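A quick write-up on the structure given underneath.
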Amino acid sequence: MTWQAKARELDAADPLRAFADRFRVPDPGLRYLDDASLGRPPAGTADALARFVDRDWAGRLVQGWESWLDRPQRLGDRLGAGMLGAAPGQVVYSDSVTVDLYKLAMAALRHSGRRAVITDDRNFATDRYVAQGIEAEGRADLRTVEADPDRGVDIAALKAALDESVAVVVLSLVDYRSGALLDMARVNELAHEAGALVLWDLSHATGAVPIALDAAGADLAVGCSYKYLCGGPGAPAFLYVRKDLQPRLRQPIWGWFGQRDQFAMGPAYDPVPGIERFLCGTPSILALAAVEPSLDLLLEAGIERVRDKNLLMTEFIIDLVAAYAPYLRLASPRDAERRGAHVAFEHPEARAIVAGLAARNVIVDYLDPDRIRLAPGALSTSFEQVWDAVRLFPPSTQIRGST
Ligand SMILES: *Cc1c(COP(=O)(O)O)cnc(C)c1O
């Protein structure tokens, strides 16, 4: 069987194949395997935005606020129930991942009275910078665990770094480079044994793998909604704080959206006990209008089916790359169960390969200095499209240093 025939066979058996028609695809010739950077817009997003501008903004003006105010919580509850394994009242859309990381890390430090923050040397840049910034303010001592470039954070190394001085551990559930997937329950358990909290970055995990925050004993989490959640460029991030922790944690940005009896505008900050205390200022209601259509699609598809397809797709990519571009070295865990929804490959000429592919209408991600990341969206991408992208990788004869 040819690889194309194999792809068609996988498509024919794919229960999610009809979802692809519900995305906006202005150029069907563009082969897109970069949902880990920015997901495609659902077909309904443009209408949802136009409707919001027309009916809500223009139509209701300031009187609309009453019905808009609880959108960050309402959408957060839907995301929590369908994608994060979180009971209502624990998830809210707010700010950017960076700002939410800062708020929750500072809240954890203040709560524990301890000073050490643990992260890993290969964590996403903003996670590391936020931790460095808190240290530079004199509010924490940063402790960095070395991670394996292909397999991510080692549990034994994490365990060795934990002691009674650690306030919070900041880790990504799915590593943005290798795709390595951590065992959330195990990490939470280890941290809790040392009396520390864990702040999870779910940016590359949400909409990609099933997450069970409540069941895994999670404390805190943040995540991005413009990647697999297809919420659009700069879509609001979300944050999770476990119910019993909420009244005990106080974040450093004292804004009016966290305030009890907000519109009384009283003299002193007195935050509500619930999840809203982690809000700061006016939420981006217009941007949340774009978050909803893709959330609808993902919830309809179901994260278990998305996961099943992602497992098949990433395996298929590894097989295709071995056939069409054998000069690339797999730089992700080989065991599919230990990966998120993307796979990475390493080659010294990665930058030139990615640029050459872009010139042929194939979009994959380049990660400095030598990685290529392939991340097809489960709902918007067919197996045949994946084949059609990977078959265009340059042949070995064009690659310096390969035979
Ligand atoms: C994409 C991503 C972010 C994005 O942070 P913003 O502040 O929303 O720009 C943060 N962390 C991780 C792990 C990411 O992958």
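No lab work stands behind these numbers, since they all come straight from the coordinates. Being a predicted model, the structure only gives us computed values, none of them experimental. All Cβ positions, even for glycine, are placed from backbone atoms using ideal geometry, and neighbour counts span all protein chains on display.
Between the listed residues Tyr129, Met83, Thr45, the Cα displaced farthest toward the positive end of the dipole of the chain, a dipole computed from Cβ unit charges relative to the Cα centre, is found at Thr45. For the residue pairs Lys6/Lys309; Lys103/Lys243; Lys159/Lys309, the alpha carbons lie more than 22 Å apart in Lys159/Lys309.
Within the range 166-266, the ratio Rg/Rh, alpha carbon atoms throughout and Rh by Kirkwood, equals 1.02. Ranking Val174, Gly223, Gly113 by Cα position along the charge dipole of the range 77-236, where only Lys, Arg, Asp and Glu carry charges on their C-beta atoms, puts Gly223 farthest toward the positive end. As a proxy for reagent exposure, His111, His347 were ordered by neighbouring Cβ count within 10 angstrom, fewest first; the result is His111, His347. Amide H contacts for Leu199 (H built 1.01 Å from N in the peptide plane; partners 5 or more residues away or on another chain; cut-off under 5 Å): Val169, Val170, Leu171. Helix 125-136 and the longest principal axis of the C-alpha atoms of the chain enclose an angle of approximately 40°. Listed values for the range 386-392 are Karplus-derived 3J(HN,Hα) couplings in whole Hz (6.51 cos²θ - 1.76 cosθ + 1.60, θ = phi - 60°), namely 4, 4, 5, 7, 5, 5, 8, and x replaces Gly and Pro. If I build a Gaussian network model for the chain, linking alpha-carbon pairs within less than 10 angstrom, which residue out of Ala237, Ala389, Ala359 has the largest mean-square fluctuation? Ranking Ala237, Ala389, Ala359 by mean-square fluctuation puts Ala359 first. Rounded to the nearest 20, the size of the Cβ-charge dipole of the range 147-277 about its Cα centre is 360 debye, with Lys and Arg at +1 and Asp and Glu at -1.
The mean of 1/r over all distinct Cα pairs in the range 151-216, once inverted, gives the Kirkwood hydrodynamic radius of 12.2 Å. On a per residue basis, the convex hull of the C-alpha atoms belonging to the chain measures out at 139 Å³. Working note: Karplus 6.51/-1.76/1.60 with θ = phi - 60° gives the range 355-366 the couplings 5, x, 5, 4, 5, 9, 6, 10, 9, 10, 9, 9 Hz, where Gly and Pro are set to x. Proximity of backbone amide H atoms, modeled 1.01 Å from N, is registered between Gly232 and Gly39 at under 5 Å, excluding neighbours fewer than 5 places apart on the same chain. Summing Lys, Arg as +1 and Asp, Glu as -1, what charge do residues with Cβ under 12 Å from the Cβ of Asp34 carry, Asp34 excluded? It works out to a net charge of +2. Applied to the range 106-115, the Karplus parametrisation 6.51 cos²θ - 1.76 cosθ + 1.60 on θ = phi - 60° returns per-residue 3J(HN,Hα) values of 5, 4, 5, 4, 5, 5, 7, x, 8, 10 Hz, with x for Gly and Pro.
Less than 11 Å Cβ to Cβ from Asp335, Lys/Arg counted +1 and Asp/Glu -1: what total charge do the surrounding residues give? Spelling it out: positives minus negatives among the neighbours equals +2.
Cys280 sits among other residues whose Cβ lies under 14 Å from its own Cβ, and their net charge, with Lys and Arg +1 and Asp and Glu -1, is 0. In a simple Cβ point-charge model (Lys, Arg +1; Asp, Glu -1; nothing else charged), the chain has a dipole of about 360 debye relative to its Cα centre.
Remark on Leu142: its backbone amide H falls under 5 Å from those of Val117, a criterion applied only to residues 5 or more positions apart or on other chains, H modelled at 1.01 Å from N. Highest-first packing order for the peptide set 150-156, 305-311 is 305-311, 150-156, based on the mean count of other beta carbon atoms within 10 Å. Sorted fewest first by neighbouring Cβ atoms within 10 angstrom, Phe23, Phe263 come out as Phe263, Phe23.
The convex hull drawn around the Cα atoms of the range 259-403, when projected onto a plane and averaged over every direction, covers 13.0 nm².
The order of Cys230, Cys280, going from fewest to most other C-beta atoms within 10 Å of their C-beta, is Cys280, Cys230.
A Gaussian network model of the chain, with springs between Cα atoms under 10 Å, assigns the largest mean-square fluctuation among Asp11, Asp100, Asp175 to Asp11.
Highest GNM mean-square fluctuation among Ala235, Ala81, Ala180, for the chain modelled with Cα contacts below 10 Å: Ala81. Globularity index of the range 16-143 is 1.44 (Cα radius of gyration / 2.2 N^0.38 Å, N = number of residues).
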